[in-house]
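The values are calculated or read from the model by the stated rules, or taken from the named source; none is laboratory data. What you see is a predicted model; the values in this text were computed from it and never measured. Here the Cβ is made from the backbone with ideal geometry for all residues, glycine too, and neighbour counts use every protein chain on show.
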Amino acid sequence: MTGNVSLSICGDVERPAHLALDDLRALMNAELVADFHCREGWSRLDERWRGVRLRTLLALAGAADSAGYVTVGCGEYTAVLTREQAEDERVLLALEHEGAASPRPAGFPRLVGPADWDCFLSVKSVDRIEVTRLPQQATAETIALARIQRLGGHAIEGSAQGTRRLSCCLGGSVAAELGGKFEV
């Protein structure tokens, strides 16, 4: 992971924060093992993530008790969680996947959560978390489904883990073939 990672936590908080990579690493407090299911019909089982619980970051910034929503975004791609979803112990801002840290081009930090989440909630390259009383506009589902439709769901062969499909899941990035392996 590169040193230019910067995350802002803003909105209805007592202590707005700007966190660099070293700050996030110092807060790493959780691991999640969960399945990932894409709306296109493929899955990856037992994915192992390490990072910071989203609720830890909300507490650090002093999120107001009256704020009911948390928007997690990267550029124009935004996912809106209820406060209850955001406070779930299984919701992380991941800094590592399968024991390895990756640079921002691979999508870290990445919002990850329980297996029953819609795939488009897994936002890649998170650059901001905004806490609000009312829900902000979520673009994740619209962007993700438009990309699936545009790509036509064409199957492509993956690595040893089997068939993968081009996908817009995980933060709006299309899965790409990189040296014979697929980034997800």
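Can you tell me which residue is surrounded by the fewest Cβ atoms within 10 Å (Cβ to Cβ) among those in segment 10-31 that are assigned to a strand (DSSP E or B) and hydrophobic (A, V, I, L, M, F, W, C)?
Within segment 10-31, the match that is surrounded by the fewest Cβ atoms within 10 Å (Cβ to Cβ) is Ala20.
Kindly list, by first and then second residue, each pair from a residue in segment 33-58 that is without any contact (Cβ under 8 Å) to a residue 12 or more places away in the chain to a residue that is not aliphatic (A, V, I, L, M), limited to pairs with Cβ atoms under 7 Å and residues at least 6 apart or on different chains.
Ser43/Asp35; Ser43/Phe36; Ser43/His37; Leu45/Asp35
Of the residues that sit in segment 50-62 and are closer than 20 Å to His18 by Cα and charged (D, E, K, R), which one is surrounded by the most Cβ atoms within 10 Å (Cβ to Cβ)?
Result: Arg53.
For segment 51-60, indicate whether the set of residues that are in contact with a helix residue (DSSP H, G or I) (Cβ under 9 Å, 6 or more places away or on another chain), assigned to a helix (DSSP H, G or I) and among the polar types (S, T, N, Q) is non-empty.
Yes: one or more hits.
Which condition from (1) closer than 20 Å to Arg15 by Cβ; (2) touching a helix residue (DSSP H, G or I) at 6+ places or on another chain (Cβ under 8 Å); (3) of a type outside the set (A, V, I, L, M, F, W, C) is the one that Ser125 breaks?
(1)
Within segment 77-89, is even one residue part of a strand (DSSP E or B), touching a Lys or Arg at 6+ places or on another chain (Cβ under 9 Å) and of a type outside the set (Ser, Thr, Tyr)?
Taking every residue of segment 77-89 in turn, none turns out to be part of a strand (DSSP E or B), touching a Lys or Arg at 6+ places or on another chain (Cβ under 9 Å) and of a type outside the set (Ser, Thr, Tyr).
When residues of segment 50-91 are filtered for being touching an Asp or Glu at 6+ places or on another chain (Cβ under 8 Å) and not β-branched (Val, Ile, Thr), how many remain?
Residues that pass the stated criteria total 15.
Checking Glu96 against (1) surrounded by fewer than 15 Cβ atoms within 10 Å (Cβ to Cβ); (2) out of contact with any Leu (no Cβ under 7 Å at 6 or more places or on another chain), only one condition comes out false. Which one?
Only one criterion is unmet by Glu96, namely (1).
Just to be sure I understand the filter: pairs with C-beta atoms under 8 Å, separated by 6 or more residues or on different chains, first member in segment 126-150 and free of Cβ contacts under 8 Å to residues at least 40 places away in the same chain, second member in a helix (DSSP H, G or I). Which pairs pass?
Between residues of segment 126-150 that are free of Cβ contacts under 8 Å to residues at least 40 places away in the same chain and residues that are in a helix (DSSP H, G or I), the close pairs are Glu141/Phe120.
Identify all residues within segment 114-148 that are of a type in the set (Asp, Glu) and under 25 Å from Asp46 (Cα atoms); write none if there are none.
Asp116, Asp118, Glu141
I need the full set of residues from segment 37-49 which are in a strand (DSSP E or B) and surrounded by fewer than 19 Cβ atoms within 10 Å (Cβ to Cβ), in order please.
Within segment 37-49, His37, Ser43, Arg44, Leu45, Asp46, Glu47, Arg48 meet the criteria.
So that you can scan it fast, the table gives a plain yes or no per residue for (1) surrounded by fewer than 21 Cβ atoms within 10 Å (Cβ to Cβ); (2) at pLDDT 95 or above; (3) in contact with a Ser or Thr (Cβ under 7 Å, 6 or more places away or on another chain):
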site: Ala64; (1), (2), (3): yes, yes, no
site: Gln85; (1), (2), (3): yes, yes, no
site: Val91; (1), (2), (3): no, yes, no
site: Asp118; (1), (2), (3): yes, no, no
site: Lys124; (1), (2), (3): no, no, yes
site: Glu130; (1), (2), (3): yes, yes, yes
site: Ala140; (1), (2), (3): no, no, yes
site: Ile156; (1), (2), (3): yes, no, no
site: Ala160; (1), (2), (3): yes, no, no
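Quick check on Ala34: is it buried (at least 19 other Cβ atoms within 10 Å of the Cβ), of a type in the set (Gly, Ala, Ser) and modelled with pLDDT of 95 or more?
no
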